[in-house]
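Peer 1: What follows is a structure written as structure tokens; I'll ask about it next.
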Amino acid sequence: MNKAVLFICDGLGDLPVRGKTPLEAAKKPNMDRLARGGICGMMSTLGAGVVPGSDTGHLQLLGYPPQEFYPGRGPLEALGAGLPLLHGDIAFRCNFGTVDARGRLIDRRAGRIASGEAAEIGKSLDGMMVEKVLAIFKPTVEHRASLVLRGAGLSSSVTDTDPHGQGELSLCRARDASPEASKTAEIVNRFVKMAHERLSLHPQNQKRARERMMPANYVLLRGAGTYRKIPGLKERFGISGSCIAGGALYKGVCRYVGMDAPNVRGATGTGNTDVMAKADAAIAALRTRDFALLHVKGTDNFGHDGDFAGKKRMIERIDKAVGKLMKWGGAYIVLTADHSTPVSRKAHSADPVPICIWGPDVRTDDVKRFGERACAKGGLGHITGADVMPTIASLLGKAKMLGS
Ligand code: ZN
Ligand code: ZN
């Protein structure tokens, strides 16, 4: 067999509540069957005691240590939004916000403006030239958007303009003494000012103001990063890959490492996603690719909400998709998470996550259930995220010999 699926249940790992984690409490016959037929273990994605973000966790799982390859959130979101980036582009995450007549920020989400309306308003900012720098602007979901600055002599070493709450608007400032950083801060501040003027005059915003809705008349920037072209999965591991995910960030991470990321009908990046449609999409992608990353976000969302029952139910829904992939049987399955999001903490934690590798010729161990406690006794022992892609490459017969 020369195909593999890396099935990532975001934030799956947890801590016991009255003796059991959501994974241990869930009815998940297929995951347990996977554990019985495969080899299990525990994984600290970024090493012991490091709390992974979803972006850095996924980069590491794909074989790209974030210490070396993390470009910042801005470029990953921009790639996720489908913006084709060029080496040296500076990208930001943005929010449409609302500023009153006295220049005070009164809503950092422009009344959670609808996606369609934001797309219409955002068009007026796309393609603006600020001195000799091109601004590429693309609204994504509701008040969110991506901004790319393209031009010579720029740097991502600049501060956010987003105050991350209500109140004082901040100017963008250089974070180091380089001429590139001060030039970029200046370009950003000019862009923000020009954008405010254009947006204030936009007919859609004037209509919103008449209807007593928050006009999307200001752009807040954060998460600056520089896009660099890096060697893709094919060059690094000899593997072609496809990403099956609803959330833009995950598509962005995968595109960054040279994978394709098709839009999957029913994949929402939330708790109501169509997990069976995702399993079908992974199977379809593997007709032409060696590897598919199948990402399900819902488990993490329920973890952040502190919703034990919701997380348990999500795991039970995911279990059916695992069953579908096992029944198809055309690929190795690596089932794991990017990090733990314990419901008792409502946040990511450094607690290791269970991992299982299943396929026709993998070694097995005595683990009978897929869970935090059971997998700790597994034959894989305790690994890190850096071990995952080399292991998959080895399963697919792509591992390189050291020496002769
Ligand atoms: Zn995550
Ligand atoms: Zn999370």
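Here, each number is a calculation from the coordinates, and none is a lab measurement. This is a predicted model, so every value here is computed, not measured. Reconstructed Cβ throughout: ideal geometry from the backbone, glycine too, with neighbour counts over all protein chains shown.
Peer 1: Can you compute the radius of gyration and Dmax for region 331-376, using only the Cα atoms, both in Å?
Peer 2: Cα only, region 331-376: 12.7, 39 Å (Rg, Dmax).
Peer 1: Could you work out how far the C-alpha centroid of region 249-271 sits from that of region 106-147, in angstrom?
Peer 2: Distance between centres, Cα-based: 21 Å.
Peer 1: Under a no-solvent Debye model with one identical scatterer per Cα of region 336-404, what's log10 I(q)/I(0) at q = 0.26 Å⁻¹?
Peer 2: For region 336-404 at q = 0.26 Å⁻¹, log10 I(q)/I(0) is -1.27.
Peer 1: Along the three principal axes, how long is the chain when you take its alpha carbons, biggest first, rounded to the nearest angstrom?
Peer 2: 67, 52, 38
Peer 1: Determine the percent antiparallel among the DSSP beta bridges restricted to the chain, to the nearest 5.
Peer 2: On the way: 37 of 58 bridges.
So the antiparallel bridges in the chain amount to around 65 percent.
Peer 1: Taking only C-alpha pairs under 8 Å that are 6+ residues apart, what is the relative contact order of the chain in percent? Intermediate values should be presented prior to the final figure.
Peer 2: Numbers: 977 pairs, mean separation 134.1, N = 404.
Normalised by residue count, the contact order of the chain is 33 percent.
Peer 1: If you don't mind, another one. Given just the C-alpha atoms of region 1-69, how large is their convex hull per residue in cubic angstrom?
Peer 2: Numbers: hull volume 8.8 nm³, N = 69.
It is 128 Å³ per residue.
Peer 1: Also: Could you list R104, R73 so that the one with the fewest beta carbons within 10 Å of its beta carbon is first and the one with the most is last?
Peer 2: Details: R104 12, R73 20.
Least to most surrounded, the residues fall as R104, R73.
Peer 1: Under the rule a/c < 1.5 gives rounded, and otherwise a/b versus b/c splits prolate from oblate, where does region 250-392 land using the Cα gyration tensor? The partial results should precede the final answer.
Peer 2: Working: a/c = 1.43, a/b = 1.05, b/c = 1.36.
Rounded shape, in that the Cα axes give a/c under 1.5.
Peer 1: While we're on this one: With a ≥ b ≥ c the root eigenvalues of the C-alpha gyration tensor of region 121-196, is it rounded (a/c under 1.5), prolate (a/b larger than b/c) or oblate? Don't skip to the answer; put the middle values down first.
Peer 2: On the way: a/c = 1.96, a/b = 1.17, b/c = 1.68.
Because a/c hits 1.5 or more and a/b fails to exceed b/c, region 121-196 counts as oblate.
Peer 1: With only Lys, Arg, Asp and Glu charged, each at its Cβ (+1 for the first two, -1 for the last two), find how big the charge dipole of the chain is about the Cα centre; round to the nearest 20 debye.
Peer 2: Working: 57 positive and 40 negative charges, 139 e Å.
So the magnitude is around 660 debye.
Peer 1: If each residue's Cβ is checked for other Cβ atoms within 10 Å, how do R212, R144, R175 rank with the fewest at the top? It would help to have the intermediate numbers written out before the result.
Peer 2: Details: R212 7, R144 19, R175 15.
If I rank by nearby Cβ atoms, fewest first, I get R212, R175, R144.
Peer 1: On to the next question. Rg to Rh ratio, region 65-119, alpha-carbon atoms and Kirkwood radius? Intermediate results must be reported in sequence, preceding the final value.
Peer 2: Details: Rg = 15.2 Å, Rh = 13.6 Å.
Across region 65-119, the Cα-based Rg/Rh ratio is 1.11.
Peer 1: Note down the net charge around F191, summing +1 for each Lys or Arg and -1 for each Asp or Glu among other residues with Cβ under 15 Å from its Cβ.
Peer 2: Details: positive: R93, K132, K138, R150, R173, K183, R190, K193, R198, R222; negative: D89, D126, E131, D160, D162, E186, E197.
That works out to +3.
Peer 1: Turning to a different aspect of this structure: Sort V334, V388, V253 by Cβ crowding within 10 Å, fewest neighbours at the top.
Peer 2: Values: V334 26, V388 22, V253 31.
So the residues, fewest neighbours to most, are V388, V334, V253.
Peer 1: Say the dipole of region 1-125 comes from +1 at the beta carbon of Lys and Arg and -1 at that of Asp and Glu; which of F96, G49, G80 then lies farthest toward its positive end?
Peer 2: G49
Peer 1: Rounded to the nearest 0.05, what FRET efficiency do R109 and M194 give with R0 = 22 Å and r taken as the Cβ-Cβ distance? Could you check? Walk me through the numbers on the way to the answer.
Peer 2: On the way: r = 22 Å, r/R0 = 0.98.
The formula returns an efficiency of 0.55 here.
Peer 1: Quote the charge dipole size of region 266-400 about the Cα centre in Debye, to the nearest 20; the model charges only the Cβ of Lys and Arg (+1) and of Asp and Glu (-1). All intermediate terms of the calculation are to be shown ahead of the outcome.
Peer 2: Details: 20 positive and 15 negative charges, 42 e Å.
Roughly 200 debye for region 266-400.
Peer 1: Which Cα, out of V130, A195, W358, lies furthest along the positive dipole direction of the chain (beta carbon charges, K/R +1, D/E -1)?
Peer 2: So the residue furthest toward the plus end is W358.
Peer 1: Of A321, M259, A337, which is farthest towards the positive pole of region 250-383's charge dipole, taken about the Cα centre with +1 and -1 on the beta-carbons of Lys, Arg and Asp, Glu respectively?
Peer 2: The residue sitting farthest along the positive end of the dipole is A321.
Peer 1: Exposed loop sites here are GluC sites (Glu not before Pro) in DSSP loop states with at most 16 other C-beta atoms within 10 Å. What is the longest stretch of the chain lacking them?
Peer 2: Numbers: sites that count: E131, E168, E211.
By the stated rule (loop sites, at most 16 other Cβ atoms within 10 Å), 212-404.
Peer 1: Could you tell me whether region 164-278 comes out rounded, prolate or oblate from its Cα gyration tensor? Rule is a ≥ b ≥ c as square roots of the eigenvalues, rounded for a/c under 1.5, then prolate if a/b exceeds b/c, otherwise oblate. Working shown, then result.
Peer 2: Numbers: a/c = 3.03, a/b = 1.35, b/c = 2.24.
Oblate is the answer for region 164-278, as a/c is 1.5 or above yet b/c matches or exceeds a/b.
Peer 1: Once you charge only the Cβ atoms, +1 for Lys and Arg and -1 for Asp and Glu, what is the size of the charge dipole of region 178-278 about its Cα centre, to the nearest 20 debye?
Peer 2: Numbers: 17 positive and 7 negative charges, 39 e Å.
That gives region 178-278 a dipole magnitude of about 180 debye.
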